[in-house]
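Every number here is computed from the coordinates shown, using simple stated rules; none is lab data. From a predicted model like this one, the values you see are computed outputs, not experimental measurements. For neighbour counting, all protein chains shown are included, and Cβ atoms are generated from backbone atoms with ideal geometry for every residue, glycine included.
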């Protein structure tokens, strides 16, 4: 597996546990709901002109695609160990933006990031996440972001708070 693919599959134990819980929910609950919907649609008679059956079959296909993608993520996951001496997955890093003279904090997470999450999160493979990865308190980095070149100094590294 190329090194970049390995990095794209890195996640914290918490992220891995969430994937497994989602998979379990899909298999135990959603799969039964899909089967029930198909069974009910079949009961309406002639399948050649049965819109409910067509919709149920389409939902079943989407479900199986999503389930397969989730299985692949779980199979290829690389769970990382958390070490607060250097910036990495599962940590919250505070940086001083040396260009804007402001401080900001964000959690470093795996590939799937909700851009509107609170507290703010960034992907470890994003430009800022990649530049900060492996840096220690006091280290400075230069990052090209959509708005241009930015300079950051790491001021604090701590373990991210667990989400419920």
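One compactness figure for the chain is 1.41, namely its Cα radius of gyration divided by 2.2 N^0.38 Å.
Rounded to whole Å and ordered largest first, report the semi-axes of the equivalent ellipsoid of region 125-164 derived from its Cα gyration tensor (root of 5λ).
Over the Cα atoms of region 125-164, the ellipsoid semi-axes are 21, 14, 8 Å.
As a proxy for reagent exposure, 17, 46 were ordered by neighbouring Cβ count within 10 angstrom, fewest first; the result is 46, 17.
Pairwise inverse Cα distances across region 91-159, averaged and inverted, put the Kirkwood hydrodynamic radius at 12.1 Å.
Sorting 82, 108 on the 10 Å Cβ count, fewest up front, what's the list?
Starting with the residue having the fewest Cβ neighbours, the order is 82, 108.
Net length available on complete extension from residue 117 to residue 61 is 17.2 nm, with 0.36 nm assigned per residue and the Cα-Cα distance removed.
Across 102, 68, 13, mean-square fluctuation computed from a Gaussian network of the chain (C-alpha pairs under 10 Å connected) peaks at 102. Taking Cα atoms only, the orientation of helix 31-42 departs from the longest principal axis of the chain by about 30 degrees.
Between 0 and 90 degrees, the angle of helix 13-25 with respect to the longest Cα principal axis of the chain falls at about 10 degrees. For region 3-79, dividing the convex hull volume of the Cα atoms by the residue count gives 81 Å³ per residue. Computed from Cα atoms, the angle from the helix 51-76 axis to the main principal axis of the chain rounds to 40 degrees.
Counting other beta carbons within 10 Å of each residue's own, what order do 89, 149, 70 fall into, fewest first?
Neighbour counts put them in this order, fewest first: 149, 70, 89.
Length gained on full extension, residue 43 to residue 149, computed as 0.36 nm times the residue gap minus the Cα-Cα distance: 31.9 nm. Computed over the chain with a Gaussian network model linking Cα atoms closer than 10 Å, the most mobile of 138, 88, 45 is 45.
The order of the peptides 123-132, 21-30 by mean Cβ neighbours within 10 Å, most packed first, is 123-132, 21-30.
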